[in-house]
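Student: Just dropping this structure here.
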Amino acid sequence: MSDIDFVLTYLDANDVEWQKEKNKYSPDKFADVNPNRYRDWDNLQYFFRGVEKYAPWVRKIHFVTCGHLPKWLNTEHPKLHIVRHEDYIPKEWLPTFSSRCIDMNLHRIDGLSEHFVYFNDDMFLTAPVKEEVFFQNGLPCDSAILSPQSFTSEEQIQLFLAPVMNLSLINKYFNRSKVMRSDPAKWFSPKYRGELFRTLTMLPYPRFRGFLPIHLPYSYNRSTYEKVWELEKDRLSEVSSHRFREVTDYNHWLFSYWQYASGEFSPRNPHLGHVYQLRTRTEAEKAGQSITGQKYKMICLNDAVCDSEEFEETVSIVNSALETILPGKSSFEK
């Protein structure tokens, strides 16, 4: 397998200078300014410990930041590449407080490998992973499972309208029936297990109407980003120009969908990892138990806690579990 890089996006919302800069701008009425997107869980060190312990084969970690860095980070580590927003995002879109702009322009990072895995800062490796978990024969590993989009709350509309926007472009360029007939083994892989029933129920529809969202580390080919940008530069530039995340924006899942529709992916079991929506103590305890028991190879600890007191308790539970399997500093820490 050729070189594989990891990309990690980072934000320190407690940075006073960042807060001052953010407060200079007024978000549009359609902007998503949910404060939960900026809370600090004080557990980023476990990302690096997990990488060092469970994925030592990684070539480089591109650490994307608006400028601030954790005080404990060893910036001289040979595998670490500090990437500031101005290093890769066109200056006319800066400063940006939108994750859309930040992650839809990752292909511009200098020195980024053709094969890379994109991590949000709430994603962790919790068991050994081989390169083949993310790429096989040069193809990104993913789970292309058809599933309808549905909205049951305003919060879900904020999140899931982006995939609807993505699908409008996918259906512009690809015919769903032709795509699935041309390579059925990828769409009906036994690796998808019970999730195959979702795809079967969607077959009567002639167009792509949605994919099962799997919010875990994303495998991408840099050339996929470049191809979609070449075709839809104006639309993606418009999204990137938004100072804050807006509900009508496309998001980086567009590139995953493109890899599905173009057949540029290798099927993967969707249950190698799990997303925990940490709304209650019970959910936090389940996450902690799966971490200490190393039930999954990777997890996402999604901040869905509203109450500040519950937030502190949740942080304590999951961080204690991470410390159990990843004690002691990594070489990425001072």
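Student: Across region 202-219, in residue order, what do the Karplus-derived ³J(HN,Hα) couplings come to in whole Hz, using 6.51 cos²θ - 1.76 cosθ + 1.60 with θ = phi - 60° and x for Gly and Pro?
Tutor: Those phi angles translate into 9, 4, x, 7, x, 10, 5, 10, x, 10, 5, x, 10, 7, 10, x, 9, 8 Hz.
Student: On the protein heavy atoms, probe 1.4 angstrom, tell me the percent of accessible surface of the chain carried by carbon and sulfur.
Tutor: Roughly 49 percent of what the probe reaches on the chain is carbon or sulfur.
Student: So how far apart, in nm, are the two label points at D110 and K178 if each is 7 Å from Cα heading toward Cβ?
Tutor: The answer from the label model is 4.2 nm.
Student: Check the straight Cα-Cα distances from K24 and name the lysines below 24 Å, setting aside those fewer than 8 residues away within the same chain.
Tutor: Filter leaves K91.
Student: Show me the helices of the chain, taken as full DSSP H stretches, that run 24 Å or more along their long axis by Cα and average -1.0 or above in Kyte-Doolittle hydropathy.
Tutor: Long hydrophobic helices here: 154-173, 308-325.
Student: Just tell me which aspartates and glutamates come within less than 16 Å, Cα to Cα, of K233; anything on the same chain fewer than 8 places away is out.
Tutor: Once the sequence-local aspartates and glutamates are set aside, what remains near K233 is E92, D103, D249.
Student: Additional query: In 10 Å bins starting at 0, how do the alpha-carbon pair distances of region 186-334 split up by percent?
Tutor: 9, 26, 30, 27, 8, 0
Student: Would you mind working out the magnitude of the charge dipole of the chain relative to its Cα centre, with +1 at each Lys and Arg C-beta and -1 at each Asp and Glu C-beta, to the nearest 20 Debye?
Tutor: Computed about the Cα centre, the dipole is about 1180 debye.
Student: Per DSSP helix of 4 or more residues, -39500 (n - 2.57); summed, then divided by the residues of the chain. What does that give at 222 nm, rounded to the nearest 500?
Tutor: -10500 deg cm²/dmol
Student: Quote the relative contact order of the chain in percent (integer), defining contacts as alpha-carbon pairs under 8 Å separated by 6+ residues.
Tutor: Computed value for the chain: 27 percent relative contact order.
Student: Another question, if that's okay. Considering the zone a paramagnetic label at D42 would reach in this model (a point 7 Å from Cα along the Cα-to-Cβ line), which residues of region 54-73 have amide N under 14 Å from it?
Tutor: Counting only backbone N, you get 71-72.
Student: So the label point goes 7 Å from the Cα of E21 along Cα→C-beta, right? Which residues of region 82-124 then have their backbone N under 14 Å from it?
Tutor: 83-99, 102
Student: Which lysines, on any chain, are close to K227 with Cα under 19 Å apart, when same-chain ones fewer than 8 places away are left out?
Tutor: Candidates past the 8-residue exclusion: K172.
Student: Order these peptides, 126-133, 102-109, 10-17, by their mean beta-carbon neighbour count within 10 angstrom, highest first.
Tutor: Output ranking for 126-133, 102-109, 10-17: 102-109, 126-133, 10-17.
Student: Next up: Under the rule a/c < 1.5 gives rounded, and otherwise a/b versus b/c splits prolate from oblate, where does the chain land using the Cα gyration tensor?
Tutor: rounded
Student: Follow-up question, since we're still on this one. Arrange the peptides 252-258, 236-242, 264-270 so that the one whose residues have, on average, the most other Cβ atoms within 10 Å appears first.
Tutor: Those peptides, ordered most packed to least, come out 252-258, 264-270, 236-242.
Student: Further question on the same structure: Report the antiparallel proportion of the DSSP beta bridges in the chain as a percent, rounded to a multiple of 5.
Tutor: 35
Student: Going down the table (K79/K186; K60/K297; K297/K329; K130/K334; K60/K329), which pairs top 23 Å between alpha carbons?
Tutor: K79/K186; K130/K334
Student: What is the local net charge at K286, summed over the other residues whose Cβ is closer than 12 Å to its Cβ (Lys, Arg +1; Asp, Glu -1)?
Tutor: Net charge around K286: +1.
The values are calculated or read from the model by the stated rules, or taken from the named source; none is laboratory data. Since this is a predicted model, take the numbers as computed values, not measurements. Don't worry about glycine lacking a Cβ; one is built from the backbone with ideal geometry, like all the others, and counts go over all protein chains shown. Ligands, DNA and RNA are excluded from the accessible area calculation, which covers all protein heavy atoms including side chains. Shrake-Rupley method; radii C 1.70, N 1.55, O 1.52, S 1.80 Å.
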